[in-house]
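Written below as structure tokens is the structure these notes are about.
The values are calculated or read from the model by the stated rules, or taken from the named source; none is laboratory data. What you see is a predicted model, and the numbers here were worked out from it, not measured in a lab. Cβ atoms come from the backbone with ideal geometry, glycine included; neighbour counts cover every protein chain shown.
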Amino acid sequence: MKKILVLAGIGILTLSCSKKETTTVENKSDSTKIVDSINAARTKINDSIKAKNSENRFKDFNGSHKFTYETSNFNKITGNIDFKKIEGERDNYNVSGNIKSGNNSLNIKGFVQVVSAKYMNFTGEITQKIPENGKPYTRKGTKTFASKDGGKTYRLQDMVNGSGFVDYIDIQY
């Protein structure tokens, strides 16, 4: 009886360990194609998120705008200020502009971030040369422009110049 069981066990092991027919799957997907399609979908989603994140929350200032300077010493003088949107960023612009009338001039160069419908923060330099007060005066650092007329005119809030007089520096949309 032991011999029969041993022979039966060997027979079962022989049959179970023998090579069976292999079947091939004809529609087997290449793992590289799957990974590439997942990456393509992710890239599309990331690009749409990047585009959405670069859209302005507030109005678009890109382009040239009227720039004015007025003080009690003389009438208002006018020039232009150019806003260039920084690619891929929200409400951020590089700005440069100038006003010139005779010997009077005002130059602005820096960066503007629009922080609300009524406020924009300017970081850079505003240099004014008014011969009546003697020497050039430069405002450096971060300054705020505020609007009280619904966003049509933004006025520099640091109004007192180096000679102690009030200046009105405005950006008009």
Open item on the list: Considering only segment 125-142, I want to know if a residue exists there that is crowded, with 16+ Cβ neighbours inside 10 Å and either modelled with pLDDT of 95 or more or under 13 Å from residue 61 (Cβ atoms) (or both).
Closed with: no
Task: All positions within segment 110-120 that are loosely packed, with under 15 Cβ neighbours inside 10 Å and either in a strand (DSSP E or B) or free of Cβ contacts under 8 Å to residues at least 24 places away in the same chain (or both) - done: 111
- [ ] Could you list, in sequence order, all residues of segment 143-164 that are surrounded by 13 or more Cβ atoms within 10 Å (Cβ to Cβ) and more than 12 Å from residue 69 (Cβ to Cβ)?
- [x] 143, 144, 145, 146, 147, 151, 153, 154, 158, 162, 163
Open item on the list: Among the residues of segment 142-149, are any outside any strand (DSSP E or B), of a type outside the set (Asp, Glu) and farther than 16 Å from residue 167 by Cβ?
Closed with: yes
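Would you mention how many residues in segment 156-173 are in a strand (DSSP E or B) and either within 16 Å of residue 96 (Cα to Cα) or among the small types (Gly, Ala, Ser) (or both)?
The total comes to 5.
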Task: Of all residues making up segment 55-109, the number that are assigned to a loop (DSSP other than H, G, I, E, B), more than 19 Å from the chain's Cα centre (by Cα) and either touching a residue at least 12 places away in the same chain (Cβ under 8 Å) or closer than 16 Å to residue 145 by Cα (or both) - done: 3
